Structures are given as C-alpha cells and as structure tokens.
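What follows draws every value from the coordinates through simple rules; no lab data is involved. All values derive from a computational prediction rather than experimental measurement. Reconstructed Cβ throughout: ideal geometry from the backbone, glycine too, with neighbour counts over all protein chains shown.
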Amino acid sequence: MEKIYMAGPWITEHEVKTVLDAMQNGWYEHPYDYVEKFQKEFAAYHGRKFGIMTPNATSAIHLLLTALGIKAGDEVIVPDCTWIASAAPISYVGAVPVFCDIDRANWCLDPEAVERAITPKTKAIIAVDLFGNMPDMDAIKALADRRGLILIEDSAEALGSTYHGVRAGKFGVGSVFSFHRTKTLVTGEGGMLLLDDEKLFDRCMILRDHGRKPGGAMYYNYEVTYKYMPFNLQAALGYAQFQRLDELVGRKRWIFDKYKEKLADIPDLQFNAEPDKGFNSVWITGLVFGKSHNMNKPDAIAGLDKMGLPLRPFFYPLSSLPAYPGFEERYRKLNPVAYDVSSRGVNLPGALNLTEDQIDAMCDGIRALLKRSR
Ligand SMILES: Cc1ncc(COP(=O)(O)O)c(C=O)c1O
C-alpha cells in the first residue's frame, strides 16, 4: 500500500495551467491580477465586502488585531485547544491570551466558559472553527454584543462549513482563512482576511504594505508597519483551487463519512460534530476515544505507529505547552474539558489523496488497538 499521509492537497491540470498563466503573464501591467480576483470572489462567496490576501492566516490575525487597536494590557479570549497561530498574534501586539474551555460536543469555545473568562481588560474573543466544527455562534455573538466585545472568527480550518445556513468566515468583525499546504484549499503558504467594514479594510491595507496607501504616492510611507503582501503565483493557485472548492470539500466529506461508516460498530467514539442546522466541511477527522476504551492520546499514536499507521495528536491545550510557561497550573483547573478531551483525542489522516484501502487499513488498525486495550 502507498504511504498514508496526514494531510496534502489535490492538484489537477487546472491549477497547473492557471499558475503557468500567472508565471507567464502575471508581471508588468498584471502583477496582482490573480490576487485581486481571488480576494474579490473569495469575499463574495462568504458574503463579505472585502478580502485581503496575506502570506498566511497568522499574519491575517496579526493585521486584524493591530487594526483593531488591541494592545499591551488588553486581554483576548481564545480557546485552549487550537493551533498556536490562533493565539500567537495576541502576544505579537503585546496583549494577553486568555485560554478558555471548550464545549464537549463541538470542541470549540464554550459560551459559558467565555462568560466566566471575561474581565474588565477583555477586548476581544477569537472563536475558532476547529477541524471544520463550529461553536455555538448564536450564543457567542450575543455574549460579545452584550458585553461590548469584538468578535473575530478564526475559520482557518473551516472553509466550506456552515452554521444555520451562514458560511464559516461570515462571523464577527473579521475572519481569517489559511491556505497552508495541509488545508483543504492550498497555496503552499497563504491566508485571507475577510472584513465588512470599510475603515477597517483601509487600515489593514495600509498595515499590510509598509504604511503606504494603496495607489498612493511612490515610496511614501505614513508609518512603520509590516510587509504582509501576497504573491500573484500563490493567488493563482488559490484561485484555481477555489474554482474546485465543491470537489475539494466533497472529498473531505467522503473521507469523514467513510471513517464514520467503517467504525460505526465500535461504541463510545466521538467524531466531529454534525449539528442539525449546520454543514461540517471536516478539514480533518477528529476522533476522541470514550472513557470506556481506556485509551489515551500517546498510547493510541504509539500503538498505530507500531502498525505503520499515522495519527496526529488532538491539539494540546495551549496553556499546557512550554510556549506558555506557568500557565498550566491555573488553566488545568479552569479548563477541565479542554484537558480531558485533548488527552483522549487524535486526528485521522485526511490527505486529499487518501484511498478507500488506506481508510480501511486505518480503521482496522484502530479496531485492533482498541481490542488490545480491553
Ligand atoms: C485554527 C488555525 N488558525 C490559524 C492557522 C494559521 O494558519 P497559517 O499557517 O496559514 O498561518 C491555522 C493553520 O495552520 C489553524 O489551524
């Protein structure tokens, strides 16, 4: 059997042709043609007014926090279980990340825990759509409105998901997407910031390009900012992938459905949430072993590794990592669900080239692992 990959893209002749076009023609009068097309159509697809392509989603969050004026002394609430990129930009602007517990059902922010985490210093909430799952956005939006907090959506992992008919990426003042080579839609490295507010958009455009005004005077900088400009070749790849989005999301769903179907005979396994009024585009399949299995994350990973099969750990609580020294003692008590779910959770391979035979092998491996642990 071919090697099983955790993540990886699906590139066709269409992408090759589109990137070749950018390579041959995207210079001189046309240096940003694909960037502009991609930003515009991607924003429209999400019902947003503005799209700003960035080198990655991390820089998109950094731009947005800076444009919103989040600064030293402010607190920003973020779920404890997510990739560090959701939280790192909070530190870039000198603010403090406040790690919040997650909802056992969807592994995203728990609105009640958010309420408990709010202090007079809280300025914003970053809600993360983990693995394609979405939090209880109605409750989080209502809470943010009631407490006068800015809501930001980190939809990096949720391209194609919907919540009550609204696309992931349409919540809060701004949202971000990642096109990292491991995502559903890839540009290798790349990201997008989506906004509705024109002033915020203007501010982010200045911040993205060394304090210059778009279309403004040559070599004329109004302030010292960042250089987070996108590259037309990246955008060409992203645009071509975007035109195939239904196919890409369809394949992700196929992978998820196969795992669920083939493991359906094993009780007490939890997969990505599929709420009634939502669609989960399942960037990656999460699997949390119920307590009856007596199986933890490191044992599961080691057990499958012995069979030559890959798994990835469910995100560690950020507060437990060396990157945040001294946080664990406080947050282990505050965020019991994050610590518990993460300790029993893994991610299954979700590369877009995964075959049914490989999914069978993974499911057989999991079945053997769980039999052995009983
Ligand atoms: C939830 C989440 N937020 C942010 C990011 C950051 O994306 P990037 O790697 O494009 O900076 C990622 C992906 O890596 C992610 O999974």
Given (1) in contact with a strand residue (DSSP E or B) (Cβ under 8 Å, 6 or more places away or on another chain); (2) closer than 23 Å to Leu207 by Cβ, index of the condition Gly47 fails: (2)
Considering Leu193, Leu200, which residue is of a type outside the set (S, T, N, Q) and part of a strand (DSSP E or B)? Leu193
Within segment 232-281, the count of residues that are among the acidic types (Asp, Glu) and under 30 Å from Lys40 (Cβ atoms) comes to 2
Would you mind finding the one in Tyr222, Tyr239 that is part of a loop (DSSP other than H, G, I, E, B) and either in contact with a His (Cβ under 7 Å, 6 or more places away or on another chain) or of a type in the set (Phe, Trp, Tyr) (or both)? Tyr222
So is Thr184 in contact with a helix residue (DSSP H, G or I) (Cβ under 6 Å, 6 or more places away or on another chain) and either more than 18 Å from Tyr45 (Cβ to Cβ) or aromatic (Phe, Trp, Tyr) (or both) or not? no
For a quick check of your reading: which helices (runs of 4 or more DSSP H) sit entirely within segment 2-118 and have at least 3 residues that are surrounded by 23 or more Cβ atoms within 10 Å (Cβ to Cβ) and under 15 Å from the mean Cα position of the chain (by Cα)? 57-67
Residue in segment 191-203 that is nearest to the chain's Cα centre (by Cα), counting only those that are surrounded by 13 or more Cβ atoms within 10 Å (Cβ to Cβ) and away from the ligand (no atom under 16 Å from the Cβ): Leu195
